[in-house]
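Visitor: Take this structure, written in structure tokens, and hold onto it; I'll ask about it next.
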Amino acid sequence: MNKVDVGKVIDQKKGFLCKIGDDLWEHPETSMLEKESAAILVMALKEEGFQVEMGVGGIETAFSARYGSGHPVIGLLGEYDALSGLSQQSGKTEKVPVVPGGAGHGCGHNLLGAGTVAAAVGIKAYLEATGTPGTVIYYGCPGEESSSCKAFMARDGVFNELDCALAWHPAAASRVTTGPTLANCRIYYRFSGVSAHSAACPEKGRSALDAVELMNVGVQFLREHVPSDARMSCAITDAGGTAPNVIQDHAEVLYLLRAAENNTLKDMITRVDAIAQGAALMTGTQLERQFVKACAALMPNQVIGRLIQANAEALPFPEITPEELAQAKAFQDTCPAAAPVIDQYLNAYSAERQAELASHRGAVINSFILPFADMEVLSASSTDVGDVSAVCPTNMIWLTAFASATPEHSWQLVAQGKTSFAYKMMLHAGKILAGTAIDLYADPALVEKAKAEFDRRTGGIPYESLIPEGVQPIPM
């Protein structure tokens, strides 16, 4: 059996795989609450002969599904959480929720979850038919959007047996990840004070809101003393009430900190913690700190990335029908102010390459894959795939599945999430990942080459999670 045969297996299971995509889309569940979504995927993988383990990493909606034996052990990273407030009817080019205020797959994770099943099914067929040594493991990874559950799973050793990991994500343009992303963390700071009448006896009060405001001022001054690519964002999630004649005895702020280097982020956490403690001291209040989650900077493996690129380029881009193009144009027209999506990737190329790629700026559907980048450029985004990439050689591909102007986390993306074009690309993703895995199984020297790069990049330093022991993911 070769890659062409594996592609035929995936095509033969189109109805089965698209049904998974439909079922996930129709049962949108947010981070850590994906019970039905996990059950849909588990049932499908069991039906295909995978051995399933539930609750991996101590997370109820996380699971693993494996087939085969021996090495290489290749992991496939599946996601299936939705986003709150993005309920939207399929195919509609105006905002029409299915359930007002409900959740929706605004990041295409119904496609991601089902497309990764396609890859797993294709790989299983290859291993079974050829008798090639090797193991494939589909990891059901919940809570990507808010809880970064892959980071908790990595902390608890879930990915330790892997030789390599592969992933994909639906997008508005196709490209292999070549540059790092930012590490990040979320921490709540809660202040407790003493309530008092703000006019009659203000001296008896101890303002928790003052503590939050002083903390925020302190962080503003810290901005001058962190690297320019670091980010410190916050939201006051509890201002202590609405009465100005009462001194607020409770207040809370949620901080999101980002940095290009994991060690830089650790230093920022220490310094922001100190600022919070100082604010409590200045105001005579008590501080409670809750560490919510963190994820490491993504370290994409270029050996794996070039294999993914070669497999993507070897497959013809799925045919786009006139009806699919017209539908994409209708969605594009709902986003008139959106900048061409490829603009955000051009700085990874030489000036000559940029001029060539700029010709695609007006496309309705980006029906091509961007060349492998000329240089590694830091992305301002973050992903919990970063923690997997710190455990083993890892990379991923973003594949066109939506009209080119479609914003991420939008109702327009939800509406396109179960269209015929999106499903074509979902199956295409499965073939690309399966083909990449076949290369690794067929030539273990490639795995060793990827591991050698991994060792160079990590300097041989073992993975250390940014998440403290004892902290568990929470629904958000």
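Visitor: Can you tell me which residue within segment 256-283, out of those that are part of a helix (DSSP H, G or I) and touching a Cys at 6+ places or on another chain (Cβ under 7 Å), is surrounded by the fewest Cβ atoms within 10 Å (Cβ to Cβ)?
Guide: Going through the qualifying residues, I end up with Ile269.
Visitor: Residue by residue through segment 89-118, note down the ones that are farther than 16 Å from Gly140 by Cβ and outside any loop (DSSP other than H, G, I, E, B).
Guide: The one that is farther than 16 Å from Gly140 by Cβ and outside any loop (DSSP other than H, G, I, E, B): Gly104.
Visitor: Collect the residues in segment 450-463 that are at pLDDT 95 or above and either among the aliphatic types (A, V, I, L, M) or part of a loop (DSSP other than H, G, I, E, B) (or both), keeping them in residue-number order.
Guide: Ala450, Ala452, Tyr463
Visitor: Against the definition (under 26 Å from the mean Cα position of the chain (by Cα), among the aliphatic types (A, V, I, L, M) and crowded, with 19+ Cβ neighbours inside 10 Å), how does Met43 come out, yes or no?
Guide: Taking the combined requirement at face value, the residue does not satisfy it.
Visitor: Still on this structure, please answer the following. Looking at segment 284-303, which of its residues are surrounded by fewer than 24 Cβ atoms within 10 Å (Cβ to Cβ) and not in a loop (DSSP other than H, G, I, E, B)?
Guide: Selection gives Gln286, Leu287, Glu288, Arg289, Gln290, Phe291, Val292, Gln302, Val303.
Visitor: Scan (1) more than 27 Å from Met232 (Cα to Cα); (2) buried (at least 20 other Cβ atoms within 10 Å of the Cβ) for the single condition Asp443 breaks and write down its number.
Guide: (2)
Visitor: Select, from Pro170, Pro142, the only residue that is part of a strand (DSSP E or B) and over 23 Å from Phe454 (Cα atoms).
Guide: Pro170
Visitor: Which of the following residues is within 30 Å of Leu33 (Cβ to Cβ), hydrophobic (A, V, I, L, M, F, W, C) and not in a strand (DSSP E or B): Val217, Val121, Val136?
Guide: Step by step, each of Val217, Val121, Val136 is checked, and only Val121 is within 30 Å of Leu33 (Cβ to Cβ), hydrophobic (A, V, I, L, M, F, W, C) and not in a strand (DSSP E or B).
Visitor: A follow-up question, please. Out of Cys149, Cys107, Cys164, which single residue is crowded, with 24+ Cβ neighbours inside 10 Å, over 14 Å from the mean Cα position of the chain (by Cα) and under 27 Å from Val377 (Cα atoms)?
Guide: None of the other options fit; the residue is Cys164.
Visitor: When you look at Ala326, is it loosely packed, with under 15 Cβ neighbours inside 10 Å, over 24 Å from Met396 (Cα atoms) and at pLDDT 95 or above, yes or no?
Guide: It is true that Ala326 is loosely packed, with under 15 Cβ neighbours inside 10 Å, over 24 Å from Met396 (Cα atoms) and at pLDDT 95 or above.
Visitor: The conditions are (1) of a type in the set (A, V, I, L, M); (2) part of a helix (DSSP H, G or I); (3) touching a residue at least 12 places away in the same chain (Cβ under 8 Å); (4) surrounded by fewer than 19 Cβ atoms within 10 Å (Cβ to Cβ), and Ala355 fails exactly one of them. Which is it?
Guide: In the conditions (1) of a type in the set (A, V, I, L, M); (2) part of a helix (DSSP H, G or I); (3) touching a residue at least 12 places away in the same chain (Cβ under 8 Å); (4) surrounded by fewer than 19 Cβ atoms within 10 Å (Cβ to Cβ), Ala355 misses (3) alone.
Visitor: A follow-up question, please. Of all the residues that make up segment 361-418, how many are among the aromatic types (Phe, Trp, Tyr), in a loop (DSSP other than H, G, I, E, B) and crowded, with 19+ Cβ neighbours inside 10 Å?
Guide: Of the residues in that region, 1 qualify.
Visitor: Further question on the same structure: Would you point out the residue of segment 70-88, among those that are touching a helix residue (DSSP H, G or I) at 6+ places or on another chain (Cβ under 7 Å) and in a loop (DSSP other than H, G, I, E, B), that is farthest from Ala151 (Cα to Cα)?
Guide: Gln88
Visitor: If only one of Gly131, Gly91, Gly85, Gly102 is assigned by TED's automatic domain parsing to the domain that holds Val385, within 26 Å of Pro444 (Cβ to Cβ) and surrounded by fewer than 24 Cβ atoms within 10 Å (Cβ to Cβ), which one is it?
Guide: Of Gly131, Gly91, Gly85, Gly102, the one residue that is assigned by TED's automatic domain parsing to the domain that holds Val385, within 26 Å of Pro444 (Cβ to Cβ) and surrounded by fewer than 24 Cβ atoms within 10 Å (Cβ to Cβ) is Gly131.
Visitor: Applying the selection to segment 51-63, what residues are buried (at least 23 other Cβ atoms within 10 Å of the Cβ) and assigned to a strand (DSSP E or B)?
Guide: Phe63
Here's the yes/no breakdown for (1) in contact with a Leu (Cβ under 9 Å, 6 or more places away or on another chain); (2) in contact (Cβ under 8 Å) with a residue 60 or more places away in the chain:
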site: Asn263; (1), (2): no, no
site: Val292; (1), (2): yes, yes
site: Met299; (1), (2): no, yes
site: Arg306; (1), (2): no, yes
site: Pro322; (1), (2): no, no
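Visitor: Would you please name the residue that is surrounded by the fewest Cβ atoms within 10 Å (Cβ to Cβ), looking only at residues in segment 333-352 that are in a helix (DSSP H, G or I) and over 24 Å from the mean Cα position of the chain (by Cα)?
Guide: Per the stated criteria, the residue is Ala351.
Visitor: Something else about it: Would you mind stating whether Val246 is assigned by TED's automatic domain parsing to the domain that holds Lys8, aliphatic (A, V, I, L, M), in contact with a strand residue (DSSP E or B) (Cβ under 9 Å, 6 or more places away or on another chain) and more than 30 Å from Ser420 (Cα to Cα)?
Guide: So Val246 does not fit the description; no.
Visitor: Look at segment 182-195 and say how many of its residues are of a type in the set (S, T, N, Q) and either in contact with a His (Cβ under 9 Å, 6 or more places away or on another chain) or surrounded by fewer than 24 Cβ atoms within 10 Å (Cβ to Cβ) (or both).
Guide: Looking only at that region, the number is 2.
Visitor: While we're here: Could you grab me the full set of residues in segment 91-118 that are of a type in the set (Val, Ile, Thr) and within 22 Å of Glu36 (Cα to Cα)?
Guide: Within segment 91-118, Val98, Val99, Thr116, Val117 meet the criteria.
Visitor: Hey, does segment 304-317 have a residue that's small (Gly, Ala, Ser), over 25 Å from the mean Cα position of the chain (by Cα), farther than 30 Å from Tyr463 by Cβ and not in a helix (DSSP H, G or I)?
Guide: No, there is no match, as no residue in segment 304-317 is small (Gly, Ala, Ser), over 25 Å from the mean Cα position of the chain (by Cα), farther than 30 Å from Tyr463 by Cβ and not in a helix (DSSP H, G or I).
Visitor: With the structure loaded, tell me whether Thr30 is over 23 Å from the mean Cα position of the chain (by Cα), among the hydroxyl-bearing types (Ser, Thr, Tyr) and closer than 22 Å to Gln416 by Cα or whether it fails that test.
Guide: Criteria not met by Thr30.
The values are calculated or read from the model by the stated rules, or taken from the named source; none is laboratory data. Note that the coordinates shown come from a computational prediction; the quantities given were computed from them, not determined experimentally. Cβ: placed from backbone, ideal geometry, glycine included. Neighbour counts: every protein chain shown.
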